[in-house]
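A.B. asks: Would you mind keeping the following structure in view while I ask a few things?
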Amino acid sequence: MREEDKMERLIGLLKGHYYVNIISLALLFLLILFRVIPLFRESDIIGVTMERYAIMISIIAIPLALKYFAHRLKKIPRPAETYITVRKYKNASYLRLYTISAVTLLNILLFGFSRNTNFMWITVVLFIIFFYCKPSYTELASLTEEPEEKTAVEEEEKEEPENMTEDEEASGK
């Protein structure tokens, strides 16, 4: 099987997980938001301490998941073999997607339990963050290509001024 086919199949698989995950979380959020699914008859008050921990977990998990994904991709030597690249990109993507999904689910359930708007707004922010987690074929393909490095010859060509025409040389300009 061609390398491009393997990468396209992986991106298709990851996009499937991505869209199913977002749609199911959004559907659950909307059902709880409009009280179609009442988790509890009456809203229970969540203690301030628990609310702070939940918010702190969300604030820590978001950049950690995104940074860890970027760190894992940077560790892949370039150019890498397709098998290694596909395996590492898949694992890093799953970890990023499901970490942010777990935090989103936690906030949705806490919102349904307490009707506290802090959890609702954090959930909205998490849905925005999902836009930055979409699997990308170009990102995956760039891991298997040789990194672009400027050669000394290219840099010298940019620094040299353009050649003057014969008229400019004759007039001394």
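The values are calculated or read from the model by the stated rules, or taken from the named source; none is laboratory data. Quick caveat: nothing in here was measured; it's all calculated off a predicted structure. Note that each Cβ is placed from the backbone with ideal geometry, even for glycine, and that neighbours are counted across all protein chains shown.
A.B. asks: Can you name the number of the only condition in (1) at positive phi; (2) part of a helix (DSSP H, G or I) that Arg35 fails?
C.D. replies: (2)
A.B. asks: Let me ask something else about it. State which residue is modelled with the highest pLDDT when the search covers only region 131-157 and only residues that are among the aromatic types (Phe, Trp, Tyr) and over 16 Å from Tyr83 (Cα atoms).
C.D. replies: Filtering region 131-157 for residues among the aromatic types (Phe, Trp, Tyr) gives 131-132, 137.
Now drop any that are not over 16 Å from Tyr83 (Cα atoms), which leaves 131-132.
Values: Phe131: 93, Tyr132: 90.
Among them, the one singled out is Phe131.
A.B. asks: Which residues, taken from region 70-100, are among the aliphatic types (A, V, I, L, M), surrounded by fewer than 16 Cβ atoms within 10 Å (Cβ to Cβ) and under 21 Å from Phe127 (Cα atoms)?
C.D. replies: Correct list: Ala70, Leu95.
A.B. asks: Restrict the check to region 57-69 and report whether at least one residue is basic (Lys, Arg), at pLDDT 95 or above, surrounded by 15 or more Cβ atoms within 10 Å (Cβ to Cβ) and under 14 Å from the mean Cα position of the chain (by Cα).
C.D. replies: Checking region 57-69: not a single residue is basic (Lys, Arg), at pLDDT 95 or above, surrounded by 15 or more Cβ atoms within 10 Å (Cβ to Cβ) and under 14 Å from the mean Cα position of the chain (by Cα).
A.B. asks: With respect to Val103, is the statement that it is at negative phi, in a helix (DSSP H, G or I) and surrounded by fewer than 20 Cβ atoms within 10 Å (Cβ to Cβ) true?
C.D. replies: Values: at negative phi: yes; in a helix (DSSP H, G or I): yes; surrounded by fewer than 20 Cβ atoms within 10 Å (Cβ to Cβ): no.
No; evaluated as a whole, the condition is false for this residue.
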